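S.K.: Below is the structure I would like to discuss, written out as structure tokens.
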Amino acid sequence: SLRETGWGAESVPRKKHVSPDVAASRFQSALAEKELTNTDQIRIRLLLAESLIRSNQPDEATKILNDPSLKDQASALFWKAQALRAQGKFAEAIALFDLAIDTKNFPYYGESVITRSRLLSALGSHRDAIAGLNLLTSSNSPLAIRAKLDQTHLLCLTGKYPEARKALPALKSLRGNELLEARLLDGKLLQAESQFTKAAALFTAILQEFQR
């Protein structure tokens with residue numbers, strides 16, 4: 001799933017109120033206009049590729065991304081990796097994300113780190129997935145919290161509960177879905193720590209909030 005292996009809506013912002021299919025159609029029409037500058041063509045091709053990937057058309061996106069005009073575009077590398085991910089070619093996608101992460105000032109650095117980690121985990125390489133997230137967890141990136149939550153989940157998955165407890169971000173610093181996710185992870189850790197009464201109280205409180 002996107003949540004398990006891909007960037008997901010939480011990592012790369014999308015245009016509001018416009019579906020990926022509609023956006024792709026608009027960008028295809030825009031690309032057909034005759035009086036576009038080279039810069040305009042590059043920008044539209046990247047937006048079109050992104051929309052095609054979001055609308056589950058990675059094969060079509062790859063055709064766009066292979067255009068010679070995008071050869072030296074850093075963003076194209078990220079979307080090529082995402083297309084490979086969507087095609088189920090995880091190992092090939094990881095190789096491109098490795099290149100992206102090693103590229104100075106890469107525009108989608110944080111998203112690349114997170115997606116690479118999720119792909120490694122999907123392939124069973126949990127240790128590498130956990131270690132890779134360290135590139136973000138101690139940074140000032142807006143995706144640092146996302147990385148910490150992913151790392152906590154992976155540490156729980158591999159039974160490393162003391163490390164998971166340390167990795168779990170402070171609940172007071174979180175909002176919305178990230179707060180809910182952290183509370184659920186906290187409950188899981190309480191169970192692993194044999195604090196069953198506290199875990200039950202936490203899960204009961206969460207359920208009651210949804211019933212209001």
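S.K.: Suppose the filter is among the hydroxyl-bearing types (Ser, Thr, Tyr), without any contact (Cβ under 8 Å) to a residue 24 or more places away in the chain and not in a helix (DSSP H, G or I); does Ser194 pass it?
M.R.: Numbers: among the hydroxyl-bearing types (Ser, Thr, Tyr): yes; without any contact (Cβ under 8 Å) to a residue 24 or more places away in the chain: yes; not in a helix (DSSP H, G or I): yes.
Criteria met by Ser194.
S.K.: So, one more: If I filter segment 20-38 down to residues being more than 30 Å from the chain's Cα centre (by Cα) and at pLDDT below 80, which single residue comes out as nearest to Pro58 (Cα to Cα)?
M.R.: Ala32
S.K.: Moving on to the next point. Of the residues Asp98, Asp59, which single one is touching a helix residue (DSSP H, G or I) at 6+ places or on another chain (Cβ under 9 Å), open to solvent by 40 Å² or more (accessible area, probe 1.4 Å) and under 26 Å from Leu149 (Cβ atoms)? It would help to see each step written out before you state the result.
M.R.: Values: Asp59 fails: under 26 Å from Leu149 (Cβ atoms).
Step by step, each of Asp98, Asp59 is checked, and only Asp98 is touching a helix residue (DSSP H, G or I) at 6+ places or on another chain (Cβ under 9 Å), open to solvent by 40 Å² or more (accessible area, probe 1.4 Å) and under 26 Å from Leu149 (Cβ atoms).
S.K.: Additional query: Residue pairs, Cβ under 7 Å, 6 or more apart or interchain, first in segment 81-100 and at positive phi, second open to solvent by less than 50 Å² (accessible area, probe 1.4 Å). List them.
M.R.: Nothing qualifies.
S.K.: Also, I was wondering about something else. Quick check, is Arg175 exposed (fewer than 13 other Cβ atoms within 10 Å of the Cβ) and basic (Lys, Arg)? Explain how you work it out, then say what you get.
M.R.: Working: exposed (fewer than 13 other Cβ atoms within 10 Å of the Cβ): yes; basic (Lys, Arg): yes.
So Arg175 fits the description; yes.
S.K.: Taking segment 111-150, which residues are outside any helix (DSSP H, G or I), at pLDDT 95 or above and within 19 Å of Asn177 (Cα to Cα)?
M.R.: So in segment 111-150, the residues outside any helix (DSSP H, G or I) come out as 123-125, 133, 138-143.
Adding the requirement that they be at pLDDT 95 or above leaves 123-125, 133, 143.
Leu143 - this is the single residue of segment 111-150 that is outside any helix (DSSP H, G or I), at pLDDT 95 or above and within 19 Å of Asn177 (Cα to Cα).
S.K.: Also: Do we find that Leu154 is open to solvent by 30 Å² or more (accessible area, probe 1.4 Å) and in a helix (DSSP H, G or I) in this structure? Outline the logic, then answer.
M.R.: Numbers: open to solvent by 30 Å² or more (accessible area, probe 1.4 Å): no; in a helix (DSSP H, G or I): yes.
Judged against the criteria, Leu154 is not a match.
S.K.: Can we say Arg116 is surrounded by 20 or more Cβ atoms within 10 Å (Cβ to Cβ), under 30 Å from Asp72 (Cα atoms), free of Cβ contacts under 8 Å to residues at least 40 places away in the same chain and of a type in the set (Lys, Arg)?
M.R.: On the way: surrounded by 20 or more Cβ atoms within 10 Å (Cβ to Cβ): yes; under 30 Å from Asp72 (Cα atoms): yes; free of Cβ contacts under 8 Å to residues at least 40 places away in the same chain: yes; of a type in the set (Lys, Arg): yes.
For Arg116, the condition - surrounded by 20 or more Cβ atoms within 10 Å (Cβ to Cβ), under 30 Å from Asp72 (Cα atoms), free of Cβ contacts under 8 Å to residues at least 40 places away in the same chain and of a type in the set (Lys, Arg) - is met.
The values are calculated or read from the model by the stated rules, or taken from the named source; none is laboratory data. Not measured: the values here are computed from a predicted model. We place every Cβ from the backbone using ideal geometry, glycine too, and count neighbours over all the protein chains shown. The accessibility values were calculated without ligands, DNA or RNA, using every heavy atom of the protein model including side chains. Shrake-Rupley method; radii C 1.70, N 1.55, O 1.52, S 1.80 Å.
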